[in-house]
1. Can you work out the Karplus-derived ³J(HN,Hα) for every residue in segment 155-167? Use 6.51 cos²θ - 1.76 cosθ + 1.60 with θ = phi - 60°, whole Hz, and x for glycine or proline.
2. Indicate the gyration tensor shape class of segment 25-142 (rounded, prolate or oblate), computed on the Cα atoms with a ≥ b ≥ c the square roots of the eigenvalues: a/c under 1.5 is rounded; otherwise a/b larger than b/c is prolate and the rest oblate.
3. Students often forget the sequence filter, so: which lysines lie under 23 Å Cα-Cα from K165 once same-chain residues fewer than 8 apart are removed?
4. Please report the antiparallel percentage of DSSP beta bridges with both residues in segment 2-202, rounded to the nearest 5.
5. Quick check on the chain: helices-only [θ] at 222 nm, where DSSP H runs of length 4 and up contribute -39,500 (n - 2.57) each and the sum goes over total residues. Nearest 500, please.
6. In units of 2.2 N^0.38 Å, what is the alpha-carbon radius of gyration of segment 2-202?
7. Going by how many other Cβ atoms sit within 10 Å of their own, how do F106, F98, F74 line up, fewest first?
8. Rank these for me by crowding, M19, M173, going from fewest to most other beta carbons within 10 Å.
Amino acid sequence: MVKILGVCGSPRSGATEKMLSEALSSIGNVSGVETEWITVRGKKIAPCNNCNYCKREKTWCVIKDDMQELLEKFVEADAYVVASPVYVYTVTPQLLAFFSRMRPLFHVYPEKLRNKFGVAMATGGMRNGGQEMTVNTIINLLLAKGINVVSNEIGGYAGAMLWSKDKEALGAMEDDKAIESASKLVNKLAEVALIYDAGRKAVNV
Ligand SMILES: Cc1cc2nc3c(=O)[nH]c(=O)nc-3n(C[C@H](O)[C@H](O)[C@H](O)COP(=O)(O)O)c2cc1C
């Protein structure tokens, strides 16, 4: 079984959550794929403060908040769909805090993120408000954790980008081309994860 985890970087239930959930549900009942999603909404996630406890003690983060439960889900998954609204031309501070807290994962337990795959999505209130910049930032966040990035199908390039017109879930559904692009992206990710899983079993790595 391959597990695909959605990570919603919006602090509210709006356009980003809608795009993510629509795309994940488009995988439907593809055999061998299981989906789940987590969100930063309502969660306490302090940013990393570079205390170096994790690196020094070779253990998990000393800060105790909602990140433990979120990280457990992250580690269990095989592939990720990371989605964020554009906030001042980049990802939300909540999503950045989430990624900053993965320091022990990458520095102390790097094997836990080895050979995982990820894709990126962004929603912006303006037509050209920085969705592409935000997708690129998410891609860089994934790369910074050693996660392999999967590109979109033809026409999508780096990821999926939606124009919400600041209308939350309704705005997301009005951008049907973006929902279609997000769904293709997630289906491609599922395909890659399934092929990788079969290959890994075949070569016994
Ligand atoms: C602090 C803040 C900064 C924003 N900056 C941008 C921006 O630079 N470009 C843009 O297109 N939209 C910007 N927006 C609008 C959101 O990206 C847009 O409404 C998005 O779809 C919200 O996603 P959500 O409904 O999932 O929360 C900003 C919104 C907030 C609250």
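Here, each number is a calculation from the coordinates, and none is a lab measurement. For clarity, every value in this text was computed on a predicted model and none was experimentally measured. Cβ placement follows ideal geometry from the backbone for every residue including glycine, while neighbour counts extend to all protein chains displayed.
1. Calculated HN-Hα couplings, in order: x, x, 6, 6, x, 10, 9, 10, 9, 8, 6, 6, 10 Hz.
2. The shape class here is oblate.
3. Within the straight-line limit of under 23 Å, K165 reaches these lysines: K18, K177, K184.
4. Percent antiparallel among DSSP bridges in segment 2-202 is about 5.
5. -13000 deg cm²/dmol
6. 0.98
7. Result, fewest neighbours first: F106, F74, F98.
8. M173, M19
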